[in-house]
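The values are calculated or read from the model by the stated rules, or taken from the named source; none is laboratory data. Predicted model, so just to flag it, every value in this text is computed and none were measured. Please note: Cβ atoms are built from the backbone with ideal geometry, for glycine as well, and neighbour counts cover all protein chains shown. We work out accessible area using only protein heavy atoms, side chains counted, and drop any ligands, DNA or RNA first. Shrake-Rupley method; radii C 1.70, N 1.55, O 1.52, S 1.80 Å.
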Amino acid sequence: MVDPASPISTWNDGTPSTEAPREPDATASVFANFRQYFMGWGTHSRAGHTVDQFRSGLATPQFNGVVRVRSVSADGADVTAVRGEFANVPWWWWVGADSPEDTADVLRRRGGRELTALPVMALPLDEPAHPGTIPHTAPTGLRVEPVRDDERLAEFVRTYRASMGVEPGLEAEMVRIESRREDNADIIRLAAVLDGRVVGTTVVIAAHGVAGIFLVHVTRAHRRRGVGAALTAAALQVGAETRDALRRAGGQSRGRSVVPTFRLHDDIRVPAVRLPLLNRSRSGRGARAASQARTPAPRAPGGRTAPGR
């Protein structure tokens, strides 16, 4: 976590640019998957001419914000208008490799400060999926299974909500949004279950030619016991099985998968930036949102991405 008072930074060489970067196809797919996860939270998501933004209405910044500046410099994006879009909710502006290189500098000049950085990692899935993904270090009796009903979904959300530091009062609305995501056909939610209770979570989004792994969370009492490793292994298996299903369906030519094999440096980071809120009322709902925005930032959703589909 970076001190909110410190200037934001970026992993590029700092050279100003007036265009969105030309990403390699594989990297573009990874970030498209990343954007889909966040945009899926928006009850008012919008892929606009200048920015892609989403607004869940939840009073927590992980689920409101901007995920990309499109084909113009960030100077061309109306930052004041974006502020207005999020006037009554806390929000973050994610600065990834799919935004112009000058985005971080522009936001810093507008008062932005880096709060956290989410690692985006990628691994090739070259080997066929194998059963038995529970590591030997995991607790005896641990099962990793898909979430299939509303009752389990509620427990699933409760588990990662607590781990992320989101207020309990938002839980019911989080469950509602999860259940109604427009991309639920692309999503597999996996729960780590021990003694009949959910003790860990992860989400796999198979879209844009990759399998994105998000929300790897474990309850505090069960951390450092192999549960996270079991969830990650199961999620990788889901990605590999999805790829194999495509192969069997004919998505293969001359023995080659349609899914590219590639590696990304595991030090790629997507900074989350908070901009100061201007002309904000100090009473009522606005004051509560402003107070939350000044508190230490909650944990960002975990994200790892591997080729999958």
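If I take every Cα pair under 8 Å that is 6 or more residues apart in the range 174-233, average their sequence separation and divide by the length, what percent do I get for the relative contact order?
Working: 77 pairs, mean separation 15.8, N = 60.
Relative contact order here is 26 percent.
Based on the mean of other Cβ atoms within 10 Å per residue, sort peptides 112-119, 187-194, 30-37 so the most packed one is first.
Numbers: 112-119: 19.8, 187-194: 21.8, 30-37: 23.5.
Order by mean packing, descending: 30-37, 187-194, 112-119.
Could you do me a favour and compute the accessible area per residue for the range 98-223, 1.4 Å probe, result in Å²? Spell out each step's value before the answer.
Details: 5750 Å² over 126 residues.
Per residue, the range 98-223 has 46 Å² of solvent-accessible surface.
Using r as the Cβ-Cβ distance of R224 and D150, and R0 as 30 Å, what FRET efficiency do you calculate, to the nearest 0.05? The formula returns an efficiency of 0.45 here. Which residues does a label at R180 reach in the range 34-62, if reach means a backbone N under 19 Å from a point 7 Å past the Cα toward the Cβ? Within reach of a label on R180: 37-47, 54-60.
Is the C-alpha gyration tensor of the range 33-132 telling us rounded, prolate or oblate? Criteria: a/c under 1.5 is rounded; beyond that, a/b larger than b/c is prolate, otherwise oblate.
prolate
Highest average first, the peptides 225-234, 157-166, 140-149 ordered by how many other beta carbon atoms sit within 10 Å of their residues are 225-234, 157-166, 140-149.
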